[in-house]
Amino acid sequence: MRRLIAIFAVLALAVSAPRVLSAQDSSDVQQDRKEVRHDRREVRGDRREVRHDTRDIRQDRRDVRQDVKAGDTTDARRDARDLRRDRRDRRHDVRDARRDRRDLRQDRKDVHEDKQEKKDSTN
């Protein structure tokens with residue numbers, strides 16, 4: 001009787017193993033797609049922040065020129081400090097966008113590889 005139960009258990013595992021593995025593969029593809037969507041959202045947000053920082057930089061340059069032209073050195077220094085801060089923020093945002101684009105490319109590659117593996121395993 002024990003032998004019969006053991007044989008039945010081995011057969012049940014042998015039959016269910018491919019289904020479990022294929023379900024795991026599909027969850028890998030779904031997870032990679034979710035990461036791609038998340039990365040796209042991050043890249044859009046980074047681009048938006050870079051545009052905002054660029055607008056701030058332009059405005060700060062105008063303010064500095066106007067303050068210097070008007071002879072207001074205190075406001076010119078304050079605006080110049082704000083200009084440096086905005087440039088630093090933009091530099092960091094550009095760097096972050098570059099990392100996110102690199103991550104997005106890698107996640108797209110992972111999705112493609114998972115699809116190929118799934119396709120190859122079904123043949």
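What follows draws every value from the coordinates through simple rules; no lab data is involved. What you are looking at is a predicted structure, and each value in this text was computed from that prediction instead of being measured.
Couple of notes before you dig in:
- Segment 91-123 and segment 26-61: distance between their alpha carbon centers, rounded to Å: 15
- By the rule of a C-alpha distance below 23 Å, with chain neighbours fewer than 8 residues away ignored, the lysines paired with Lys34 are Lys109, Lys115, Lys118, Lys119.
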